[in-house]
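One structure is given below, encoded as structure tokens.
The values are calculated or read from the model by the stated rules, or taken from the named source; none is laboratory data. A quick note: this is a predicted structure, and the numbers were derived from the prediction, not measured. Reconstructed Cβ throughout: ideal geometry from the backbone, glycine too, with neighbour counts over all protein chains shown.
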Amino acid sequence: MISPTITKQKESFNRKLIDSKYISGAKRRAMNYGVTFDETITRKLVFEKDNGQCYLCKIETHLENSKDSYQPKLSTVDHIIPISKGGPHTWENVRNCCLKCNITKHDRIY
Ligand SMILES: [Zn+2]
């Protein structure tokens with residue numbers, strides 16, 4: 001039996017992991033391409049800024065990534081102008097995007 005408290009802690013730990021992983025990845029890319037990197041940007045804050053809505057398909061996304069399976073509605077941070085195209089990692093250039101759209105968009109770009 002897993003108590004609800006432990007489950008909750010696990011979820012919050014997972015979220016932190018996703019955030020720090022995401023941030024370090026974005027920072028590395030921003031440095032590689034020499035674009036501005038705003039340290040205040042996190043997945044959670046971008047999610048809240050856009051009310052959890054995907055800016056492309058308008059579905060409601062979610063932050064929790066507690067399952068290992070592919071979650072098309074998982075909230076991700078998307079750069080309107082990709083970092084690889086010189087887009088900065090700043091509040092003006094980030095939008096909440098579902099995983100499905102993010103992957104589809106990236107397929108088109110790269
Ligand atoms: Zn979407």
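Only one residue in Thr42, Thr61, Thr76 is more than 20 Å from Ser24 (Cα to Cα), surrounded by 15 or more Cβ atoms within 10 Å (Cβ to Cβ) and under 13 Å from the mean Cα position of the chain (by Cα). Which one?
Details: Thr42 fails: more than 20 Å from Ser24 (Cα to Cα); Thr76 fails: more than 20 Å from Ser24 (Cα to Cα).
That would be Thr61, the only listed residue that is more than 20 Å from Ser24 (Cα to Cα), surrounded by 15 or more Cβ atoms within 10 Å (Cβ to Cβ) and under 13 Å from the mean Cα position of the chain (by Cα).
Return only the number of the condition from (1) surrounded by 15 or more Cβ atoms within 10 Å (Cβ to Cβ); (2) closer than 12 Å to Ala26 by Cα that Ser84 does not satisfy.
It is condition (1) that Ser84 fails.
For region 81-102, what are the residues that are within 20 Å of Gln53 (Cβ to Cβ), assigned to a helix (DSSP H, G or I) and either more than 10 Å from the ligand (Cβ to nearest atom) or at pLDDT 95 or above (or both)?
Answer for region 81-102, where residues must be within 20 Å of Gln53 (Cβ to Cβ), assigned to a helix (DSSP H, G or I) and either more than 10 Å from the ligand (Cβ to nearest atom) or at pLDDT 95 or above (or both): Trp91, Glu92, Asn93.
Which of the residues that make up region 25-47 are more than 14 Å from Trp91 (Cα to Cα) and not in a helix (DSSP H, G or I)?
Gly34 - this is the single residue of region 25-47 that is more than 14 Å from Trp91 (Cα to Cα) and not in a helix (DSSP H, G or I).
Can you report the number of residues in region 44-75 which are at pLDDT 90 or above and either within 14 Å of Cys101 (Cα to Cα) or within 15 Å of the ligand (Cβ to nearest atom) (or both)?
Final tally of qualifying residues: 20.
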